[in-house]
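One structure below.
The values are calculated or read from the model by the stated rules, or taken from the named source; none is laboratory data. Quick caveat, the model's predicted, so the values are computed rather than measured. All Cβ positions, glycine included, derive from the backbone under ideal geometry; neighbour counts span all protein chains shown.
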Amino acid sequence: MRSGKRSVLLGFCLAILVLAPALSFAASSLRVTSTAFRNGGRIGEKYVFSGFGCKGRNVSPEIRWGSLPRGTKSVAVTVYDPDAPTGSGWWHWVLYNIPPSVHELPEGVGTKDGRRLPPGALQAVTDFGAPGYGGPCPPKGDRPHHYIVTVYALKTAKLGVSPGASPAQVGYFLHFATIRKGTLVGRYGR
């Protein structure tokens, strides 16, 4: 009986050791929301790309995030479709060098010229071949794709990449500068 109790206790302790880092990360992720769609919800036509057979208005959705961790010097936001039939997904929007005082991107700020972005913020070139927001436009008949909005709290004020950088270049620097991040996922199919 004693051996059985030890085994149960040992198993419980091991489970805590394995789960603690995951629970700690989950508790410390950023809260990301939007009035355009709820997490796991359908993205409306207003936010869909206009082109490639899609007839949306290509308006960037409003995105909000909660309080940032101590030491945050800038913020980045990406919108990525891992379901795109490219072998590497599809980058729909990549912004960086957003001041840490900003906690929201209002609807419609993702224009190619970037004039409505927060001061100092820059946009990378997306997989559409230009900077700015490019909405969902999965192939007709595909199952609904997932559009992952990720907000990154960064330990650097500037990422050190030029305006119009590729998503891969920005992603490289995000990897090393991220303190914390959070996601919001929308879905769209046609």
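Residue check: is Glu62 of a type in the set (D, E, K, R), at pLDDT 95 or above and in contact with a strand residue (DSSP E or B) (Cβ under 8 Å, 6 or more places away or on another chain)?
It is true that Glu62 is of a type in the set (D, E, K, R), at pLDDT 95 or above and in contact with a strand residue (DSSP E or B) (Cβ under 8 Å, 6 or more places away or on another chain).
Please state which of the following conditions Tyr133 fails to meet, knowing it meets all the rest: (1) touching a residue at least 24 places away in the same chain (Cβ under 8 Å); (2) over 18 Å from Gly186 (Cα atoms); (3) of a type outside the set (Val, Ile, Thr); (4) in contact with a Phe, Trp or Tyr (Cβ under 7 Å, 6 or more places away or on another chain).
Just one mismatch for Tyr133, condition (2).
Just give me the residues in segment 142-170 being surrounded by fewer than 20 Cβ atoms within 10 Å (Cβ to Cβ), touching a residue at least 40 places away in the same chain (Cβ under 8 Å) and assigned to a helix (DSSP H, G or I), in sequence order.
If the condition is that a residue be surrounded by fewer than 20 Cβ atoms within 10 Å (Cβ to Cβ), touching a residue at least 40 places away in the same chain (Cβ under 8 Å) and assigned to a helix (DSSP H, G or I), then Gln169 is the only one that fits.
Taking only segment 152-171 into account, find how many residues are farther than 12 Å from Val94 by Cβ and either modelled with pLDDT of 95 or more or not assigned by TED's automatic domain parsing to the domain that holds Glu104 (or both).
The qualifying residues number 6.
Only one of these conditions is not met by Pro99: (1) within 16 Å of Trp65 (Cα to Cα); (2) crowded, with 17+ Cβ neighbours inside 10 Å. Which number is it?
(2)
Need the failing condition index for Arg70 against (1) out of contact with any Pro (no Cβ under 9 Å at 6 or more places or on another chain); (2) more than 21 Å from Ala153 (Cα to Cα); (3) surrounded by fewer than 17 Cβ atoms within 10 Å (Cβ to Cβ), just the number.
(2)
Looking only at segment 87-110, count how many residues are closer than 28 Å to Arg143 by Cα, in contact (Cβ under 8 Å) with a residue 24 or more places away in the chain and outside any strand (DSSP E or B).
3
Across segment 58-87, what is the number of residues that are of a type in the set (Phe, Trp, Tyr) and farther than 13 Å from His103 by Cβ?
Matching residues across segment 58-87 total 1.
Would you tally the residues in segment 43-66 being in contact (Cβ under 8 Å) with a residue 12 or more places away in the chain, part of a loop (DSSP other than H, G, I, E, B) and more than 16 Å from the chain's Cα centre (by Cα)?
So the count comes out to 8.
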